[in-house]
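> Attaching a single structure in structure tokens format; questions to follow.
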Amino acid sequence: MNQSALKEKVIAGLARMLPENALLHVDEDLRPYECDGLSAYRQLPLCVALPDTVEQVQAIVRFCAQLGVPIVPRGAGTGLSGGALPNAEGVLLSLAKLNKIIGIDPDNRCARVQPGVRNLAISEAAAPHGLYYAPDPSSQIACSIGGNIAENSGGVHCLKYGLTVHNILGLQIITADGELLNIGGTAFDSPGYDLLAMLTGSEGLLGIVVEATVRLLPRPQRAQVVLAAFDDVSRAGDAVAAVIGAGIIPGGLEMMDRLAIRAAEDFVHAGYPLDAAAILLCELDGTNEEVSEYILKVRDIMVRCGATEVRTAKDEKERALFWKGRKSAFPAVGRLAPDYYCMDGTIPRQRLAEVLATIDELSQQYQLPVANVFHAGDGNLHPLILYDANRPGELEKAEELGGAILELCVRVGGTITGEHGVGMEKINQMCVQFGSAELTQFHALKAAFDPQGILNPGKAVPTLHRCAEYGAMHVHRNQLPFPELERF
């Protein structure tokens, strides 16, 4: 069947199962869905389906399975790895209309929500009960819980309270053949394989989330932020290791370098010291007594590690402002250059100073500025590579620099992602992270859940052939970075 005939058949079939205005297929209507937050990659889908019930989602999946048509699930579109990049021959399945909070259970400290519910909306709904949902990505005002589950998102408080996978109790998913599957529940454990953990972070390759039961936590009695400024990024990195080494687990421990500090300060006016090479934001939470004790300890550690200034937020308003500056860093950095490329890798904390120094060397080598904003406490880096896509070859240069940073993360014992997922962006670096045996098992798992390979095809897990080509390219350039590539 040619592309035109397939499109007509898909549109006609979906039109019969969806309400009016819930199916888009004209190019100008498809344009808003051509990319996610990684706007460097764009592709129009065959069509966009906008169901508003679980039954409609099931019907769409069954219909596509019969035709062998690819399905790309999409939440709010805030993802940064191209995970929701459309397939030109497939249906982009938007779950934005499944946006109901089904119920809050304060006694069991959990909430049942649909995938289109915004991350922040869960905490807002739970607030009257003195509860909140802990994972808080910088995009929490817009990102959806379904997307958070697909990418296993974190946030500034994931150091103490964990990633999405640590805060999900149950999932309801639709499989590749349209069956409804319930996994987990309100209990802390269930018998059988831990499918809940496997599906969280699976990037839409194994199933489509249509409901989640999330864990809620009681609001701490007190939370306070210590801001420490350093005239050297390495000293700030050493301070991070010293805080954790002292047995203190902050609610959040974030770092920003000079470029990010100045951008955020111009954007938000958070009161950041503009002469600092780096700042740390360290939040302590808990009872009044323990917060008071830990603030004194953290202040002492920061001074001993060479901080030029140490400040404690004087009230809740200033605490919120400090965090607003950090959470606004990504859009703020966007004012420094026409484009930026946001990376996401994770390293052992003790290698932080070394890795930041190497990133600076790579920045100079590629002649592209890099602003560093990241979850320092758990080693989750977010280097922002500034470039101008209007200059020929600069996007490719930014991608190459990003790849070098990710492979550096692997070299020091880390990983190529902390919370953004692999998507399209890091698929080559998966060849560095894993060998052929591991990738073969990933493909076997995918085949068990999705025999036709229609769910988000071509994302997250590379073929062995692709890895062989990537390894050969490095050999050709005399850039073989790691022995792992020799496996292919």
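> Looking at Ala187, Ala176, which is the one that is in contact (Cβ under 8 Å) with a residue 24 or more places away in the chain and in a loop (DSSP other than H, G, I, E, B)? Give the steps one after another, and end with the answer.
On the way: Ala187 fails: in contact (Cβ under 8 Å) with a residue 24 or more places away in the chain.
Unique residue meeting the criteria: Ala176.
> Something else: Please find, among Ala121, Ala150, the residue that is under 21 Å from the mean Cα position of the chain (by Cα), within 21 Å of Glu419 (Cα to Cα), surrounded by fewer than 21 Cβ atoms within 10 Å (Cβ to Cβ) and not polar (S, T, N, Q).
Just a single option satisfies the conditions, and that option is Ala121.
> Now for a separate question. Anything in the stretch 245-267 that is under 17 Å from Arg311 (Cβ atoms) and free of Cβ contacts under 8 Å to residues at least 24 places away in the same chain? List them, or say none.
Matches in the stretch 245-267: Ile261 only.
> Among the residues of the stretch 345-374, write down those that are surrounded by 23 or more Cβ atoms within 10 Å (Cβ to Cβ) and in contact with a Gly (Cβ under 9 Å, 6 or more places away or on another chain).
Matches in the stretch 345-374: Gly345, Ile347, Leu352, Val355, Leu356, Phe374.
> Please go through (1) free of Cβ contacts under 8 Å to residues at least 24 places away in the same chain; (2) under 30 Å from Pro250 (Cβ atoms) for Arg391 and return the number of the only condition it doesn't satisfy.
(2)
> Would you say Pro451 is modelled with pLDDT of 95 or more, in a loop (DSSP other than H, G, I, E, B), within 20 Å of Leu199 (Cα to Cα) and not acidic (Asp, Glu)?
yes
> I've got another one for you. Checking Met424 against (1) surrounded by fewer than 23 Cβ atoms within 10 Å (Cβ to Cβ); (2) in contact (Cβ under 8 Å) with a residue 24 or more places away in the chain; (3) over 22 Å from Pro73 (Cα atoms), only one condition comes out false. Which one?
(3)
> Next up: Residues to consider are Arg258, Arg215, Arg235, Arg262; find the one that is basic (Lys, Arg) and farther than 22 Å from Met302 by Cα. Step through it out loud before you land on a result.
On the way: Arg258 fails: farther than 22 Å from Met302 by Cα; Arg235 fails: farther than 22 Å from Met302 by Cα; Arg262 fails: farther than 22 Å from Met302 by Cα.
One residue alone meets the criteria, Arg215.
> Take the residues of the stretch 376-412 that are part of a loop (DSSP other than H, G, I, E, B), at pLDDT 95 or above and in contact with a helix residue (DSSP H, G or I) (Cβ under 7 Å, 6 or more places away or on another chain): which is surrounded by the most Cβ atoms within 10 Å (Cβ to Cβ)?
Result: Val412.
> Just to verify a result, which residue in the stretch 314-354, among those that are among the aromatic types (Phe, Trp, Tyr) and part of a helix (DSSP H, G or I), is modelled with the lowest pLDDT?
As a first pass, look at the stretch 314-354 and keep what is among the aromatic types (Phe, Trp, Tyr): 322-323, 330, 340-341.
Still in the running and part of a helix (DSSP H, G or I): 322-323, 330.
Numbers: Phe322: 96, Trp323: 95, Phe330: 89.
Restricting to residues being among the aromatic types (Phe, Trp, Tyr) and part of a helix (DSSP H, G or I), the top hit is Phe330.
> Of all residues in the stretch 20-36, how many are modelled with pLDDT of 95 or more and not in a helix (DSSP H, G or I)?
Residues in the stretch 20-36 being modelled with pLDDT of 95 or more and not in a helix (DSSP H, G or I): 8 in total.
> Another question about this same structure. Among the numbered criteria (1) at positive phi; (2) touching a residue at least 60 places away in the same chain (Cβ under 8 Å), which single criterion is violated by Asn21?
Checking Asn21 against (1) at positive phi; (2) touching a residue at least 60 places away in the same chain (Cβ under 8 Å), the one that fails is (2).
Conditions (1) of a type in the set (A, V, I, L, M, F, W, C); (2) under 27 Å from His25 (Cβ atoms); (3) modelled with pLDDT of 95 or more, marked per residue:
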| site | (1), (2), (3) |
| --- | --- |
| Leu93 | yes, yes, yes |
| Ile104 | yes, no, yes |
| Ala125 | yes, no, yes |
| Leu131 | yes, no, yes |
| Glu151 | no, no, yes |
| Leu159 | yes, no, no |
| Ser202 | no, no, yes |
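> For the stretch 323-335, enumerate the residues that are surrounded by fewer than 22 Cβ atoms within 10 Å (Cβ to Cβ), farther than 16 Å from Ile141 by Cα and touching a strand residue (DSSP E or B) at 6+ places or on another chain (Cβ under 8 Å).
Scanning the stretch 323-335 gives a single hit, Gly334.
> From the list Gly201, Gly192, which one is surrounded by 15 or more Cβ atoms within 10 Å (Cβ to Cβ), assigned to a loop (DSSP other than H, G, I, E, B) and on the phi > 0 side of the Ramachandran plot?
Details: Gly192 fails: surrounded by 15 or more Cβ atoms within 10 Å (Cβ to Cβ).
Among Gly201, Gly192, only Gly201 is surrounded by 15 or more Cβ atoms within 10 Å (Cβ to Cβ), assigned to a loop (DSSP other than H, G, I, E, B) and on the phi > 0 side of the Ramachandran plot.
> With respect to Gly79, is the statement that it is at pLDDT below 95 and either at positive phi or not in a helix (DSSP H, G or I) (or both) true?
Here the answer is no, as Gly79 does not meet what is asked.
> Regarding the stretch 107-116, can at least one residue be identified that is in a helix (DSSP H, G or I) and in contact (Cβ under 8 Å) with a residue 24 or more places away in the chain?
No: zero hits.
> A further question follows. Here are Ala242, Ala228, Ala223: which of them is assigned to a helix (DSSP H, G or I), farther than 30 Å from Val54 by Cα and either in contact (Cβ under 8 Å) with a residue 60 or more places away in the chain or among the small types (Gly, Ala, Ser) (or both)?
Details: Ala228 fails: assigned to a helix (DSSP H, G or I); Ala223 fails: assigned to a helix (DSSP H, G or I).
Among Ala242, Ala228, Ala223, only Ala242 is assigned to a helix (DSSP H, G or I), farther than 30 Å from Val54 by Cα and either in contact (Cβ under 8 Å) with a residue 60 or more places away in the chain or among the small types (Gly, Ala, Ser) (or both).
The values are calculated or read from the model by the stated rules, or taken from the named source; none is laboratory data. The model shown is predicted, which means the values in this text are computed figures rather than measured ones. In this analysis, Cβ positions are derived from the backbone assuming ideal geometry, glycine residues included, and neighbour counts consider all displayed protein chains.
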